[in-house]
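Just below is one structure, and these are the notes that go with it.
What follows draws every value from the coordinates through simple rules; no lab data is involved. All values reported here derive from a predicted model rather than from experimental measurement. Cβ: placed from backbone, ideal geometry, glycine included. Neighbour counts: every protein chain shown.
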Amino acid sequence: MNTLPGLARSRAALSAPAVIAAVIVILVLLGIAIGGQVIARQVVSGLMLGAIYMTVAVAFTLTIGVLNFLNFTIPTLFMLTGMVAWGLVARGYLAFAGGWAWLAGLAAGVTVAVVASLLVERFTFRYMKMKHGDATEHAIPLVSSLGFLLIFENLVLMTMGSDSQRFAVPFKADIHIFGLVIGVPQLASFALTIIVVAGLTFILRSTKIGRALRTIAENPDTASLLGVDVGRVVPIVFILTGLLSGVAGALFTVNYGDVSPFMGDNVGTKAIAAMVLGGIGSIWGAIIGGLVVGLAETLSIQFFGGDSVQITVWGLVLIIIILRPKGLFGAAPIGKGKM
Amino acid sequence: MSGYLSATLAILCINLIFAYGIFVTAAAGQINLGGAGFQAIGAYGTAWLSASAGLPVSFSIPAATLIAALIGFLISFPVLRTRGVYMVLATFAFGEVVAGFLLRSPVFGGAMGMVVPAHIELPAIIVSAVVVTLLTFYLMATRLGLAMRSLNDDEEAAIVMGVNVRAVQVAAFTIGGAFCGLSGALYAHNFAFVEAQYFNSLLSIYVLLFVLIGGAQTAWGPLVGSLFFTLLPELLRIGGSARYVVFGVAIVLMMMLRPEGIVTRDLLRRLSPRQLFNRRPASGSAPRD
């Protein structure tokens, strides 16, 4: 079964969570040993940021890996979740939920992101499939997704304005370890991110849908010959995309307590960078890449000042795409990538 | 002429030159999502040469154009190692690196931007746009243009027919870089101010849409695309953000109904030359392919 890289990868992937956990612990301890709490605090916040980047990067890498489609609506889905949650809470539509209004708002936000993602599928892939028989070989979905980016972003601007808004979460509990202060929302979001991504890996590796997705990634025509109902499986990619972007948006909102119509832009570009670092189309590559970019961002702000991130990250991306297109870590992609 | 009209006309001409810069590479089958980077090179090149080095506009604009062409030539070798989504991302990364570099360079004013005192008037910009348009039409009629088209349509067949793929692609990137650089230089002198934040990824996305919506098959495409994209938001100005929603819907619909862009070779074949200058039948009365 070596023709399916995803399957060949499955044994190695089992040990990956342990490796990542070990690396994180080592980094934090190393940070405390070398630079004391200042560095350790940057490492911790870098990892929290990295968890957000990693979830969005997984969304990007999933659509490219399975459908050969660079989906530019992902940053907007991320933003939609936060803004819808804020809009519903601020206008009192969720007053019945009482103290849990913030959670209901975020759940509604994630739902909207999933629905929006399905809308994109309806007007790009399903339509293309009906008209041309195949959508994975064209630049058309990419251009359409740019159109949807404009639609969603400006609908939010129209209805909720362009200001940055405060999204209050009612708990402030902190945990103190080794003199580090870690917020409970941050810790919970980190754990939730790991669960979501691990769940996705499980779906791709061990379920019937996962096998169908990997078959489509190899070749949509062969997949339908083998009995995969491509028209019913492709929407699942978009549901997963909406879910991942939505959850990342919700976690970002809880962690930083701020929402704005432009909150997805920076996260989106950083997630693309993370995906390229880890290797396009590879789930574990996106996870490692996300953590690396998050760490690189907080540490380079600490040492070199704010604007240096852009050159470092994108310079690295440019070099990697040109010299080592399969990414720094060379993890196997979901499909062959059709490039 | 009112200030509003002349400003709109200037930005239309600059967008048109910019779109032809992206079109030349797209016509050869390469998607360049780093257009803003090349435009920034032209804009900052002429800004530095005229404001800091004190050179006349007649020298600084051609020099900035040449610098952008040279960088297009140099970057084409590594970028052309990539294909498809990878090339989109490589050129996107190039644009981000250029913007990040300019933002960090004290010589170019950093985040404060640069004031460009030497002003050029609208007629010069219109003449430049006309020259670039005619040049592109001429280019597409030459052997090089034919080779570019063949690469876009079927690369393997082009190789079999003896097209030197690498040479054609490098030439397309160099010419494209020059056009983008020229549009940036004109922008700098017309608006008297450049800042790195203007040359962002959204600008690269917009100009790529000009070309893909207009149609990358013929040189008419960017012309129609720039007109559509520059004038439609102006016509829809009443609605604020709503016009961009309409705009986004237009893009999605366009991709569904005319995925090869508004102007296709097929469309041109169906129209007589006289109707062609009307530019009207493109909107949907033409039969679909």
Equivalent ellipsoid semi-axes, the range B:3-283, via Cα gyration tensor eigenvalues times 5, rooted, Å: 28, 23, 18
Residue-count net charge about A:GLY46 - beta-carbon cut-off 14 Å; Lys, Arg +1, Asp, Glu -1: +1
A:VAL184/A:ALA97 FRET efficiency (R0 30 Å; Cβ-Cβ; nearest 0.05): 0.90
Spin-label model distance (nm) - A:ALA22 vs B:SER6, 7 Å beyond Cα toward Cβ: 7.1
Efficiency of FRET from Cβ geometry, A:ARG166 and B:LEU232, R₀ 35 Å, rounded to 0.05: 0.45
Length released on extending from A:PHE303 to A:ALA198, taking residue separation times 0.36 nm less the Cα-Cα span: 34.5 nm
Listed residues A:THR73, B:PHE228, B:VAL165: farthest to the positive end of the dipole of the protein assembly as shown (Cβ charges): B:VAL165
B:HIS119/A:LEU30 FRET efficiency (R0 45 Å; Cβ-Cβ; nearest 0.05): 0.20
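Could the peptides A:249-257, B:55-63 be put in order, highest first, of the mean number of other beta-carbon atoms found within 10 Å of their residues?
Ranking, from highest mean packing down: A:249-257, B:55-63.
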Relative packing of peptides B:140-152, B:40-52 - highest average C-beta neighbours within 10 Å first: B:40-52, B:140-152
Within 10 Å of each Cβ in A:269-278, the average number of Cβ atoms from other chains: 2
Average beta carbon contacts from partner chains per residue of B:244-251, 10 Å cutoff: 6
10 Å Cβ neighbours from other chains, averaged over peptide A:151-164: 3
Ranked by how many other beta carbons lie within 10 Å on average, peptides A:44-54, A:155-165, A:85-95 from highest: A:44-54, A:85-95, A:155-165
